[in-house]
Amino acid sequence: MRLLLVEDDTMIGESVLDLLRAENYAVDWVKDGDMAETALRSQDYDLLLLDLGLPRRDGLQVLRSLRARRLRIPVLITTARDAVQQRIEGLDAGADDYLLKPYDLDELLARIRALLRRAAGRAEPIYEHQGVSIDPATREVMAAGRPVVLSAREWAVLEPLLARPGLVLSRAQLEEKLYGWKDEISSNAVEVYIHGLRKKLGADLIQNVRGVGYMVPKA
Amino acid sequence: MVARPNYSLRTRLLWFLLAAILLTALAQGLTAYRSARAEADQIFDYHMQQMAMSLRSGLPGSGLGMPGSDLPEEENFDFVVQVWTADGLRVFESAARAALPQRAVIGFSNVQAHGTTYRVFSLQSRSHVIQVAQDMAARREMASKLALRIVLPIAVMAPLLMLVVWWVVSSSLTPVSRVRGQLAQRQADDLTEVGETGLPDEIRPLVHELNLLFGRVREAFEAQKNFVADAAHELRSPLAALKLQAQGLQRAHDDAAREVAVNRLTAGIDRATRLVEQLLVLARQQATAAARTPPEPVVLAEIARLAVSDAAASAQAHGIDLGLGPVDETPIRGHAEALRILIRNLLDNAVKYAPSGGTVDLAIGRNAGRLVLSVDDSGPGIPQEDRARVQNRFYRMTGTQASGSGLGLAIVKSIADLHGATVELTSSARLGGLRVEVGFPLAR
């Protein structure tokens, strides 16, 4: 999953960046409103983490122009502005959730998962298909009744496919979910992880749509 | 003086004034009564004397006047007239039953007779002794009536006067109780002014001072409120950073990651510490401004030398050449400690943003009737569009790596405002970085 982090505070930014990467999200970090606009126009993101008090262009402006362009990306506002009026304004401007600083990292991660789940049109937290059950919150995967351990990269490939069963993702799209701007991409990485996943979870779970990409069948 | 828990100007005035009126009226009444009686005495005596003398001139050499003379008995009941010859024979008496003993005392005397006291005047003529007497009881009664007639107006006027005083005192003190009422009804945060119109000269200055005090308290209150609003927002960011850094440390799996996390956490704590310190400086500064302590003559150059030596260590640590240029020793009016903080913040900022090996210069000179303190640095400077905003509290420029509190220039601005000084940000022609000019009005 590829996230855009908009945060002008260097200390908060670098911490969140590292912690999200440790959770195998591909994260890009920008420090002001203009850069956020540019990033959102040049790249598809699965979720936007938006601070409000930004230099150059306020977070709310970024959000409004985003919604004006009919982008449906989930937006989670993280800010120190705590007044009820500001929260209402943020949500009414098109945010999906509002998290006050200082926040707990686990809560941030849970809200990110919830937003991603909702964006995929699902309400149930656990995905189940043909004897394979996957819990995105705990990353517990059960195949044929026994637990399976996935590597971080394998998980990073599986998650976007699981997020919207039935939707075909191209190799390039999967690569995007896998790597942030500064990461190096190896040419056949996606194939390698798909291969590993099929070995662990059975060949049926991830299906190849020839010439287009990969998908997980609808449960 | 004894403490009066319920000291009231009105009660005090009324008590004293009413008591004074009462005492004066009593004293006046008593004196009038007494002197009226004494005067009546004198007048009656005079009458008796005149009567005796007119009798003497009317008496024949040795003969008797007519017993039923011009003195009608009833009308002159109070008076008794007797005439004696030199050999002691009574030749005339106005009322038989009122016969008085013959008296040898010539002139006035009091005589006991018929169970009462008579005032007697005896006059010696060639052949007779003429005695005119008056019953003292009757005389006193008449004198008292006269005296009472004089005292009566006083007795009537005193209560009237007391009523008037009561009314004047009460109505004069109405504005005081009105102001008191206005103040008593106030909420704790209501610091609006009390109306000064319709107040007497004695109270208006008091209310005026009260309003000035309200104004000062209100300003301090507003400053504090704004400060808290800004601070509440800005304190969360360092705390958010600290929390994330702590969680980062918790999740670090190897030594290298732990070290990175610990370093970040330490930096976060340093930043929070700096913020708290700066907040306190700013709060103290605003409290000073609100208190309106009168400024004293200070020599800016001396404070500048002090501030430069304070900042020298940190400048050296950053590898920055910090120095004092030409300084003008003219004194200005100001607060030495606040000015030291102002200069220190300018120097700290300059040192923070100047690259290692850079230069920071402080100079003081005169320009257009102002004493201008300038700090030049060889740092990146501040773009034109950001220059106004950096003076706001908690504003930090984009992309700045230095982790300031965002309060430095706000503190400078606040202190400059206190001194009526202007703060201008320009680019340094000499060093290429930022130039901050603080122009102080010269003391006159």
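The values are calculated or read from the model by the stated rules, or taken from the named source; none is laboratory data. Just so it is clear, the model here is predicted, and its values are computed rather than measured. Virtual Cβ from ideal backbone geometry, glycine too; neighbours counted across all protein chains shown.
For segment A:82-103, state whether one or more residues are within 14 Å of chain B (Cβ to nearest Cβ), of a type in the set (Asp, Glu) and within 17 Å of the chain's Cα centre (by Cα).
So far as segment A:82-103 goes, no, none of its residues is within 14 Å of chain B (Cβ to nearest Cβ), of a type in the set (Asp, Glu) and within 17 Å of the chain's Cα centre (by Cα).
State whether one or more residues within segment B:219-229 are within 11 Å of chain A (Cβ to nearest Cβ) and either without any contact (Cβ under 8 Å) to a residue 12 or more places away in the chain or surrounded by fewer than 18 Cβ atoms within 10 Å (Cβ to Cβ) (or both).
As a first pass, look at segment B:219-229 and keep what is within 11 Å of chain A (Cβ to nearest Cβ): B:229.
Still in the running and either without any contact (Cβ under 8 Å) to a residue 12 or more places away in the chain or surrounded by fewer than 18 Cβ atoms within 10 Å (Cβ to Cβ) (or both): B:229.
So far as segment B:219-229 goes, yes, one or more of its residues are within 11 Å of chain A (Cβ to nearest Cβ) and either without any contact (Cβ under 8 Å) to a residue 12 or more places away in the chain or surrounded by fewer than 18 Cβ atoms within 10 Å (Cβ to Cβ) (or both).
In the list B:271, B:264, which residue meets the criterion of being free of Cβ contacts under 8 Å to residues at least 24 places away in the same chain and either within 14 Å of chain A (Cβ to nearest Cβ) or surrounded by fewer than 16 Cβ atoms within 10 Å (Cβ to Cβ) (or both)? Talk me through it step by step, then tell me what you get.
On the way: B:271 fails: free of Cβ contacts under 8 Å to residues at least 24 places away in the same chain.
On inspection, the qualifying residue turns out to be B:264.
In the set B:332, B:364, which member is part of a strand (DSSP E or B), farther than 27 Å from residue B:217 by Cβ, in contact with an Asp or Glu (Cβ under 7 Å, 6 or more places away or on another chain) and among the β-branched types (Val, Ile, Thr)? Before you say what the answer is, go through the steps one by one.
On the way: B:332 fails: in contact with an Asp or Glu (Cβ under 7 Å, 6 or more places away or on another chain).
Step by step, each of B:332, B:364 is checked, and only B:364 is part of a strand (DSSP E or B), farther than 27 Å from residue B:217 by Cβ, in contact with an Asp or Glu (Cβ under 7 Å, 6 or more places away or on another chain) and among the β-branched types (Val, Ile, Thr).
Does residue A:51 satisfy the condition of being among the charged types (D, E, K, R) and crowded, with 23+ Cβ neighbours inside 10 Å?
Values: among the charged types (D, E, K, R): yes; crowded, with 23+ Cβ neighbours inside 10 Å: yes.
Yes.
Only one of (1) more than 30 Å from residue B:258 (Cβ to Cβ); (2) of a type outside the set (A, V, I, L, M); (3) away from every other protein chain (no Cβ under 14 Å) fails for residue A:2. Which number is that?
Residue A:2 satisfies all of (1) more than 30 Å from residue B:258 (Cβ to Cβ); (2) of a type outside the set (A, V, I, L, M); (3) away from every other protein chain (no Cβ under 14 Å) except (1).
Would you check which residues across segment A:134-154 are surrounded by fewer than 15 Cβ atoms within 10 Å (Cβ to Cβ) and touching an Asp or Glu at 6+ places or on another chain (Cβ under 8 Å) and list them?
A:147
Take residue B:301 and tell me if it is out of contact with any Lys or Arg (no Cβ under 9 Å at 6 or more places or on another chain), of a type outside the set (Ser, Thr, Tyr), assigned to a helix (DSSP H, G or I) and in the same structural domain as residue B:338 (by TED's automatic domain parsing). Reasoning before the result, please.
Numbers: out of contact with any Lys or Arg (no Cβ under 9 Å at 6 or more places or on another chain): yes; of a type outside the set (Ser, Thr, Tyr): yes; assigned to a helix (DSSP H, G or I): yes; in the same structural domain as residue B:338 (by TED's automatic domain parsing): yes.
Yes, satisfied.
Given the conditions (1) surrounded by fewer than 17 Cβ atoms within 10 Å (Cβ to Cβ); (2) within 14 Å of chain B (Cβ to nearest Cβ); (3) under 25 Å from residue A:190 (Cβ atoms), which single one is not true for residue A:43?
The single condition residue A:43 does not satisfy is (2).
For segment B:274-299, which positions are touching a strand residue (DSSP E or B) at 6+ places or on another chain (Cβ under 6 Å) and surrounded by 15 or more Cβ atoms within 10 Å (Cβ to Cβ)? Give the steps one after another, and end with the answer.
Initial filter on segment B:274-299 (touching a strand residue (DSSP E or B) at 6+ places or on another chain (Cβ under 6 Å)): B:295, B:297-299.
Result: B:295, B:298, B:299.
Consider residue A:198 carefully, then state whether it is farther than 17 Å from residue A:23 by Cβ, modelled with pLDDT of 85 or more and loosely packed, with under 12 Cβ neighbours inside 10 Å. Steps first, please.
On the way: farther than 17 Å from residue A:23 by Cβ: yes; modelled with pLDDT of 85 or more: yes; loosely packed, with under 12 Cβ neighbours inside 10 Å: no.
The answer is no for residue A:198.
Starting from segment A:199-219, take each residue that is within 11 Å of residue A:166 (Cβ to Cβ) and list its partners that are surrounded by 17 or more Cβ atoms within 10 Å (Cβ to Cβ) and among the β-branched types (Val, Ile, Thr), counting only C-beta distances under 7 angstrom and pairs at least six apart or across chains.
Correct list of pairs: A:216/A:206.
Name the residues in segment A:5-40 that are within 9 Å of chain B (Cβ to nearest Cβ), β-branched (Val, Ile, Thr) and buried (at least 20 other Cβ atoms within 10 Å of the Cβ), would you?
Once the filter is applied, which keeps residues that are within 9 Å of chain B (Cβ to nearest Cβ), β-branched (Val, Ile, Thr) and buried (at least 20 other Cβ atoms within 10 Å of the Cβ), segment A:5-40 yields A:12, A:16.
For segment A:91-115, how many residues are in contact with a helix residue (DSSP H, G or I) (Cβ under 6 Å, 6 or more places away or on another chain) and either of a type in the set (Ser, Thr, Tyr) or not assigned by TED's automatic domain parsing to the domain that holds residue A:48 (or both)?
Qualifying residue count for the region: 1.
Can you confirm whether segment A:109-118 contains a residue that is within 14 Å of another protein chain (Cβ to nearest Cβ), surrounded by fewer than 20 Cβ atoms within 10 Å (Cβ to Cβ) and in contact with a Leu (Cβ under 6 Å, 6 or more places away or on another chain)?
The answer is no, given that none of the residues of segment A:109-118 is within 14 Å of another protein chain (Cβ to nearest Cβ), surrounded by fewer than 20 Cβ atoms within 10 Å (Cβ to Cβ) and in contact with a Leu (Cβ under 6 Å, 6 or more places away or on another chain).
Okay, residues lined up against (1) at pLDDT 80 or above; (2) assigned by TED's automatic domain parsing to the domain that holds residue B:284:
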{"site": "B:175", "(1), (2)": "yes, no"}
{"site": "B:193", "(1), (2)": "yes, yes"}
{"site": "B:206", "(1), (2)": "yes, yes"}
{"site": "B:210", "(1), (2)": "yes, yes"}
{"site": "B:218", "(1), (2)": "yes, yes"}
{"site": "B:231", "(1), (2)": "no, yes"}
{"site": "B:240", "(1), (2)": "yes, yes"}
{"site": "B:249", "(1), (2)": "yes, yes"}
{"site": "B:253", "(1), (2)": "yes, yes"}
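Look at segment B:182-208 and say how many of its residues are exposed (fewer than 11 other Cβ atoms within 10 Å of the Cβ) and closer than 20 Å to residue B:9 by Cα.
Total satisfying the criteria: 4.
Six or more apart or on different chains, Cβ under 6 Å: which pairs go from a residue in segment B:26-50 that's in the same structural domain as residue B:138 (by TED's automatic domain parsing) to one that's charged (D, E, K, R) and surrounded by 14 or more Cβ atoms within 10 Å (Cβ to Cβ)? Could you list them?
B:44/B:139
Kindly check whether there is at least one residue in segment A:62-79 that is out of contact with any Leu (no Cβ under 8 Å at 6 or more places or on another chain) and β-branched (Val, Ile, Thr). Break it down into steps so the answer makes sense when it comes.
Our first condition is that a residue be out of contact with any Leu (no Cβ under 8 Å at 6 or more places or on another chain); within segment A:62-79, this holds for A:64-65, A:67-70, A:72.
Now restrict to residues that are β-branched (Val, Ile, Thr): none.
The answer is no, given that none of the residues of segment A:62-79 is out of contact with any Leu (no Cβ under 8 Å at 6 or more places or on another chain) and β-branched (Val, Ile, Thr).
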